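Below is one structure, written out as structure tokens, with a few remarks after it.
Readers should treat all values here as calculations from the given coordinates under stated rules, not as data from a laboratory. These numbers were taken from a predicted model, which means no experiment stands behind them. Counting neighbours? That spans all protein chains shown, and the Cβs are built from the backbone with ideal geometry, glycine included.
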């Protein structure tokens, strides 16, 4: 049932419209058996059914939009605290849209969605910033070592270059690839090797995993678009729809 606070009376009915809407809400309660004998006695059931049916017929779109808005609001996740000084982020700091990705470098669906994310960045240039969080799944043995190597590159300011190169070479995950990429990016190799097995990097991945558990991210890829959860390697159109809703203030 739609809460009374989430339904607005038609603009062109004045007090009459408000009374009618109140009757609709009361009628729904009666029909649901939720309000007891008082409302049941106050309103003739057949009359109430007609009021409810007429109102829904005339205002179905408004009711549907109200229900959808309430559902979206209920699903928004507070992203404060997910992005820290250690979190890789790219894009304008003042961008109105923030997309947080929880990914696994061995996940084929994560690899598949990267081209879509690139298309999102181009379509909404200047309006979107991206943050990356690691969610290496237990059944992907190469995912965590890859994440540790990427975070080691992050400590030298080269996370996104390393990240993009990993996705481009997802079928070659392993130490040889990470070493080769680090050299090609001109990283300090001694520091890179030390960082990718360091306790600090392990702790960051552990924090990412804890964050994923808190928000209910169990599979990859998993995204938050201004807090709105989106799961799976969805097409550009699906991302665009969520972004447009966020830009329009519908979240």
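The table that follows gives values for the structure above.
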| quantity | calculated |
| --- | --- |
| Tally, over region 112-135, of residues that are buried (at least 18 other Cβ atoms within 10 Å of the Cβ) and closer than 16 Å to residue 171 by Cα | 2 |
| Flag if residue 156 is within 17 Å of residue 89 (Cβ to Cβ) and over 21 Å from the mean Cα position of the chain (by Cα) | yes |
| Any hit, region 183-196, residues being surrounded by fewer than 21 Cβ atoms within 10 Å (Cβ to Cβ) and in contact (Cβ under 8 Å) with a residue 60 or more places away in the chain | no |
